[in-house]
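The block underneath contains the structure these notes are about, expressed in structure tokens.
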Amino acid sequence: MYPKSQLKIILMKRNISLYLLLLTALVMAFITGCSNKPETSSQRPPAPVTIAKALKKYTPYYLTAIGTVQPVDSITVRSRITGYLSKVYISNGDIVEKGEHLFTIDPTEYEAGIRQLKAELTSDITKYEKALRDYKRYKDLVRRKVVSEDQYEQKRLDMNTARDSIAVTRAKLKNAENDLNYCFIKSPLNGLCGYVYQTTGNLIEENKDRLVVINRISPIAVNFYLPQKYLGKVQKYSHNSTLEVLAISEGEDLPETGKLTFIDNMVDEETGTIWMQATFQNKNRKLWPGNYVNIRLKLYGTEAVQIPMEASCKGPEGDFVWVALKNGTVAQQPVIIERRSGKIDIISKGLSGGETIVTDGQLRLYHGASYRVHASQNDKAGNQ
């Protein structure tokens with residue numbers, strides 16, 4: 001055991017040592033913190049961006065809608081007579097011309113009927129000729145008072161009846177010839193066949209069984225609906241000229257060009273939309289009945305600044321774009337977007353055309369940030 005005086009001395013030395021260690025640690029931390037300078041914006045690496053040019057050029061004004069393709073003509077082919085299907089000349093999906101032979105109903109029964117009626121007609125003509133001779137003979141006899149008036153009237157009646165029988169038989173023969181022609185079913189239009197529903201040997205009932213549906217797909221129509229607020233504009237610009245309509249099918253880059261051919265005479269009260277129809281020549285058959293397409297109805301065109309829609313950003317104060325300056329930094333430029341046409345934004349204020357703008361990589365940008373060009377969207381578009 002240490003005396004109390006020595007124990008106090010030992011404790012004091014230990015406390016002094018701990019104070020010295022703590023002081024040394026604080027001094028080292030201070031020196032280290034002073035030597036680490038904060039990173040400035042000039043030391044940050046340039047942000048990789050994709051750029052494009054703001055272009056001032058002729059810009060059409062489009063109204064957009066979703067349209068449904070439908071054939072101009074669609075015919076469901078049915079037989080006009082009852083009989084057994086003896087021949088099928090087409091396959092599923094064939095392209096046919098107007099007047100092309102499609103089906104044959106067994107004509108044997110109808111050919112026999114025509115032969116029978118022709119024989120009846122010959123007999124009726126013979127009867128009429130005899131009745132005519134009798135009438136002429138009795139006409140002379142009644143004048144000479146050889147036969148009675150009643151006998152003469154009977155012969156005249158027989159002659160008229162025989163003549164009427166000829167007319168009836170001729171009408172029946174004409175109907176039978178028509179029925180025979182109906183045995184040979186031909187295409188009523190140029191078009192595309194769908195599924196052939198009947199095969200050889202089936203009994204086909206008159207005006208009942210479907211044989212095939214034929215759609216005319218060149219030209220072809222597209223139905224679409226626009227909000228009623230655009231009706232006035234459409235009427236204004238279609239008054240003296242035919243409006244151009246573009247139809248873009250899913251998966252296609254190039255549109256089909258057609259013209260506006262129909263505006264309905266009434267606005268739908270439930271939806272507040274107006275039905276319109278455009279017609280396309282569709283020579284390459286890209287527009288297919290039943291397909292949905294993106295419709296662009298062109299009203300007019302004017303000079304305007306265009307930018308890719310990817311360049312447009314939204315902030316607390318509205319829309320803006322990042323302009324890539326020649327000194328290697330970017331600046332935030334507020335803009336007013338008049339409208340969007342496809343993948344292009346039309347700028348009415350904020351850009352004059354020719355500016356280099358950022359289309360990708362905006363998340364790493366701030367006012368005055370440096371950048372490096374990762375890719376040029378204009379170059380890509382020019383190579384397509």
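What follows is calculated from the coordinates using simple rules that are stated; it is not laboratory data. On a predicted model such as this, the values are computed, not experimentally measured, just so you know. Cβ sites come from the backbone with ideal geometry, for glycine too, and all protein chains shown count toward neighbours.
Using the number of other C-beta atoms within 10 angstrom as an exposure proxy, rank PHE184, PHE320, PHE280 with the fewest first.
So the residues, fewest neighbours to most, are PHE184, PHE320, PHE280.
Compare the Cα positions of THR242, GLY342, GLY194 along the charge dipole of the chain (+1 at Cβ of Lys, Arg; -1 at Cβ of Asp, Glu; about the Cα centre) and return the one farthest towards the positive end.
GLY342
Tell me the net charge near ILE336. Cut-off is 13 Å between Cβ atoms, ILE336 excluded, with +1 for each Lys or Arg and -1 for each Asp or Glu.
Values: positive: LYS314, ARG339, ARG340, LYS349; negative: GLU317, ASP319, GLU338, ASP345.
Here the charged neighbours net out to 0.
Using the 2.2 N^0.38 Å rule of thumb for compact globular proteins, work out how segment 264-334 stacks up: its C-alpha Rg over that value, please.
Numbers: Rg = 20.9 Å, N = 71, 2.2 N^0.38 = 11.1 Å.
My calculation over the Cα atoms of segment 264-334 gives 1.88.
Tell me, what ³J(HN,Hα) does each residue in segment 211-224 have, in order and in whole Hz, if you take phi through Karplus 6.51 cos²θ - 1.76 cosθ + 1.60 with θ = phi - 60° and put x for Gly and Pro?
Calculated HN-Hα couplings, in order: 9, 6, 10, 10, 10, 7, 10, 9, x, 9, 10, 10, 8, 8 Hz.
Within the chain, which complete DSSP H helices have Cα atoms spanning at least 24 Å along the helix axis and a mean Kyte-Doolittle hydropathy of 1.0 or higher?
4-35
Taking the Cβ of ILE125 as the center, what net charge do the other residues with Cβ under 12 Å away carry, scoring Lys and Arg +1 and Asp and Glu -1? Display every interim value, and only then the final one.
On the way: positive: LYS118, LYS127, LYS130, ARG163, ARG170; negative: GLU120, ASP124, GLU129.
Here the charged neighbours net out to +2.
Just the Cα atoms of the chain, one point each, no solvent: what log10 I(q)/I(0) does Debye give at q = 0.11, 0.15 Å⁻¹?
Treating every Cα as an identical point scatterer, log10 I(q)/I(0) equals -0.99, -1.26.
Mind jotting down a quarter of the surface of the convex hull over the alpha carbons of segment 237-305, in square nanometres, one decimal? Each step should come with its number before you reach the end.
On the way: hull surface 27.4 nm².
So the Cα hull casts an average projection of 6.9 nm².
Each residue of segment 80-93 in turn: what ³J(HN,Hα) in whole Hz from Karplus with 6.51, -1.76, 1.60 and θ = phi - 60°, glycine and Pro shown as x?
Rounded to whole hertz, the list is 8, 9, 9, x, 8, 6, 9, 8, 10, 9, 10, 10, 4, x.
Using only alpha carbons, build the gyration tensor for segment 108-182 and give me the equivalent ellipsoid semi-axes, biggest first, whole Å. Please list the in-between numbers first.
Numbers: eigenvalues 257, 17, 8 Å².
Semi-axes (√(5λ), whole Å): 36, 9, 6.
Going by how many other Cβ atoms sit within 10 Å of their own, how do SER148, SER165 line up, fewest first? Before the final figure, lay out the partial values.
Details: SER148 12, SER165 18.
Fewest-to-most ranking of SER148, SER165: SER148, SER165.
Only counting other Cβ atoms within 10 Å, I'd like MET276, MET309 sorted with the fewest neighbours first. The partial results should precede the final answer.
Details: MET276 26, MET309 14.
By the 10 Å Cβ count, ascending: MET309, MET276.
Is there a quick way to get the dipole size of the chain? I mean about its Cα centre, with the Cβ of Lys and Arg at +1 and of Asp and Glu at -1; what is the value in debye to the nearest 20? Display every interim value, and only then the final one.
Values: 52 positive and 41 negative charges, 229 e Å.
Around 1100 debye, computed over the chain.
Calculate the dipole size of segment 142-260 relative to its Cα centre from +1 charges on Lys and Arg beta carbons and -1 charges on Asp and Glu beta carbons; express the result in debye to the nearest 20.
Numbers: 17 positive and 15 negative charges, 169 e Å.
Computed about the Cα centre, the dipole is about 820 debye.
Considering only HIS374, VAL305, LEU63, whose Cα is most displaced toward the positive end of the charge dipole of the chain, charges sitting on Cβ of Lys, Arg (+1) and Asp, Glu (-1)?
HIS374
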